[in-house]
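Working notes, structure below.
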Amino acid sequence: IMPKVISCSRRTDVPAFYSTWLIERLRAGYCHVINPFGGQVYRVALKPEDCIAIVFWTRNPGPLLASLEELDAGGYRYYFHYTILGYPSPIESHNPSIETSVRLFKWLANRLSPMFVRWRYDPIILSSVTPWDYHLEQFSNIARMLEGATYHCTFSFVDLYGKTTRNLDRLTRQTGIRFHNPSLGEQRKLVHELVAIADSYGMTLNSCCSDALAVGGVQRGRCIDPKLVQKLAPDL
């Protein structure tokens, strides 16, 4: 079996909601994954020798933290994409507080290295309760609290595809919150200010899935970063 990098997972928050399942599957050495488009079922090898690295995506790693010693003892290599936004309710209502998120983030950075815990400030949603100035202040506050705990921040703007638009329209009907879809020019202006803030706290700003925003000091982000994986697994 060719070793693979395991993305765990962009579809859901495995560390927050399925950490027990994950540890059971790692102990078993495999899991099954359903293709969401065709319905095919794939077997994914999960033995340490089958995994170059595991990339965790989460807004709350808390339930997984007690199992990190077992992952280390088993020879697994991993890093984290950790989303912290702190949006007001009802835009964000089921995530830990910023204070809790920052505390867990710093715990991970101290245990692993700031290199292996990457902050995600995405998706950026512009609305009547999260306007331009809100993001400048919120981003600055979180970056200040995370200073020294990470060197990397990835951002994106919300992608208004069908399901997202329907959900935001429902929120507007229920709460009166108005949402704004910024032009590319507006996005670039906001990002220009975020770059300066990130730099002041020792972080690079990286775009996610938008080369058009990788300008003016913004780097092109890589969710699965080959250079970081190589640092995790220099022997492979």
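Some observations on this one:
- Dipole axis of the chain (+1 Lys, Arg; -1 Asp, Glu on Cβ), positive-most option in Cys209, Pro226, Pro36: Pro36
- The chain: angle of helix 19-28 to the longest principal axis, Cα-based, in degrees nearest 10: 30 degrees
- Heavy-atom surface analysis with a 1.4 Å probe gives the range 12-83 a carbon and sulfur content of 54 percent of its accessible area.
- Given Lys4/Lys189; Lys163/Lys189; Lys106/Lys231; Lys106/Lys163; Lys47/Lys227, the pairs whose alpha carbons are separated by over 29 Å: Lys4/Lys189; Lys106/Lys163
- Think of a 1.4 Å ball rolled over the protein heavy atoms: the chain then has 53 Å² of accessible area per residue.
- Normalised per residue, the volume of the convex hull around the Cα set of the range 185-236 (Å³): 76 Å³
- Share antiparallel - DSSP beta bridges, the chain, percent rounded to 5: 20 percent
- In the range 1-49, chymotrypsin sites (Phe, Trp or Tyr not before Pro) in a DSSP loop with at most 14 other beta-carbon atoms within 10 Å: Phe37
- Helix axis angle, 162-175 relative to the chain longest principal axis, alpha carbon, degrees: 50 degrees
- Among Ser89, Ser210, Ser97: highest mean-square fluctuation, GNM of the chain, C-alpha pairs under 10 Å: Ser89
- Among Val129, Cys153, Leu26 - extreme Cα towards positive end, dipole of the chain, charges at beta-carbon: Leu26
- The mean sequence distance of close C-alpha pairs (under 8 Å, at least 6 residues apart), as a share of the length of the chain, puts its relative contact order at 16 percent.
- Within the listed set Leu112, Leu22, Leu168, the Gaussian network model of the chain (springs between alpha-carbon atoms below 10 Å) gives the highest mean-square fluctuation for Leu168.
- For the chain, built as a Gaussian network whose Cα springs stay under 10 Å, the top-fluctuating residue of Thr150, Thr130, Thr172: Thr172
- Apportionment of accessible area to carbon and sulfur, the range 104-236, percent (1.4 Å): 50 percent
- Under the convention that each Lys and Arg Cβ holds +1 and each Asp and Glu Cβ holds -1, the size of the dipole of the range 1-160 around its Cα centre is about 400 debye.
- Pairwise centroid distance, computed over Cα atoms, of the range 80-141 with the range 1-41, Å: 25 Å
- Computed over the range 79-121, relative contact order equals 63 percent, with contacts defined as Cα pairs under 8 Å that lie 6+ residues apart.
- Loop-located trypsin sites (Lys or Arg not before Pro) across the range 123-226 with a Cβ neighbour count of 16 or fewer within 10 Å are Arg178, Arg222, with loop assigned by DSSP.
- Cα-Cα pairs of the chain separated by more than 31 Å (percent): 26 percent
- Beta bridges from DSSP with both residues in the range 90-212: antiparallel share about 20 percent, rounded to the nearest 5.
- Crossing angle, helix 132-146 versus the chain [Cα axis fit, 0-90 degrees, rounded to tens]: 40 degrees
- Helix-only CD estimate at 222 nm, as mean residue ellipticity for the chain, using -39500 (n - 2.57) per DSSP H run (n ≥ 4): -11500 deg cm²/dmol
The values are calculated or read from the model by the stated rules, or taken from the named source; none is laboratory data. Computed from a predicted model, the values in this text were never measured in an experiment. Every residue, glycine as well, gets a Cβ built from its backbone with ideal geometry; the counts of neighbours run over all protein chains shown. Ligands, DNA and RNA are stripped out before the accessible areas are found, and what is left, the full protein with its side chains, is counted by its heavy atoms. Shrake-Rupley method; radii C 1.70, N 1.55, O 1.52, S 1.80 Å.
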